[in-house]
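These notes concern the structure reproduced below.
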Amino acid sequence: MLLSCFDPVRREIGRITLEKLVLDGRIHPHRIEEVYEQSKAEVEQLCQRAGEDALVDVGITDVHPELVTLLGRLRYRTSYGQNVLKHLVETAHIAAHMAAEIGVDPMNVKRARRAFLHDIGKALTHEVEGSHALIGADLARKFGEHEDVVHAIEAHHNEVHPHSIEAVLTQAADSCSGGRPGARRGRAWRRT
């Protein structure tokens, strides 16, 4: 069976709902609605937990609750086969290491959320028209993130010109995470 949906969270809710209904065998309108609501609550709880776990992994503690929920939704989103939430965590770690190498405070890059939140807009690209970088910048601005964080998000794909070392580190860390061997399918890695 193939289950298709543009919204990866809705697809997961549908998958769990169908799985439970088939296992139970009682498939009628009232039961479908009941199992759907249970599955929806279960996936929302899994998203919340995934967002919280990712924040703990990178050492960020003070993020708006709506952003935590959106981060958790990225658990079900992939980009060229790479899990987006794992990519965010990896990018934050890479940016911190790169910052330390060039003498920039690594916690400033990571704690300021620049690298970690760079793809937050991908949580809404199926609902909102436009570039995920600009959608993410608008989200960060809406939920009170510092303008430096907003800038790094909107600059990570050059929608705006990067004007801080942290924004450039975010771009570089994003490229390292997405370009490393095995990160994404369909991208052959060759040694030259």
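Can you tell me which condition Gly72 does not meet? The list is (1) in a helix (DSSP H, G or I); (2) surrounded by fewer than 22 Cβ atoms within 10 Å (Cβ to Cβ), and all the others hold. The failed condition is (2). Taking residues in segment 103-118 that are charged (D, E, K, R) and buried (at least 16 other Cβ atoms within 10 Å of the Cβ), and partners anywhere that are part of a loop (DSSP other than H, G, I, E, B) and modelled with pLDDT of 75 or more, the pairs with Cβ atoms closer than 7 Å and at least 6 places apart or on different chains are Lys110/Gly59; Lys110/Phe116; Arg111/Gly59; Arg111/Ile60; Arg113/Ile60; Arg113/Glu145.
Scanning segment 169-180 finds one or more residues that are modelled with pLDDT under 95 and part of a loop (DSSP other than H, G, I, E, B). Can you tell me which residue in segment 77-135 is farthest from Thr170 (Cα to Cα), limited to those that are acidic (Asp, Glu) and more than 16 Å from the chain's Cα centre (by Cα)? Per the stated criteria, the residue is Glu129. For segment 77-128, a residue qualifies if it is modelled with pLDDT of 90 or more, of a type in the set (D, E, K, R) and out of contact with any Cys (no Cβ under 9 Å at 6 or more places or on another chain), and the qualifying residues are Arg77, Lys86, Glu101, Asp119, Lys122. Among the candidates Leu55, Leu3, Leu88, the residue that is at negative phi, in contact (Cβ under 8 Å) with a residue 12 or more places away in the chain and assigned to a loop (DSSP other than H, G, I, E, B) is uniquely Leu3.
The values are calculated or read from the model by the stated rules, or taken from the named source; none is laboratory data. From a predicted model like this one, the values you see are computed outputs, not experimental measurements. Reconstructed Cβ throughout: ideal geometry from the backbone, glycine too, with neighbour counts over all protein chains shown.
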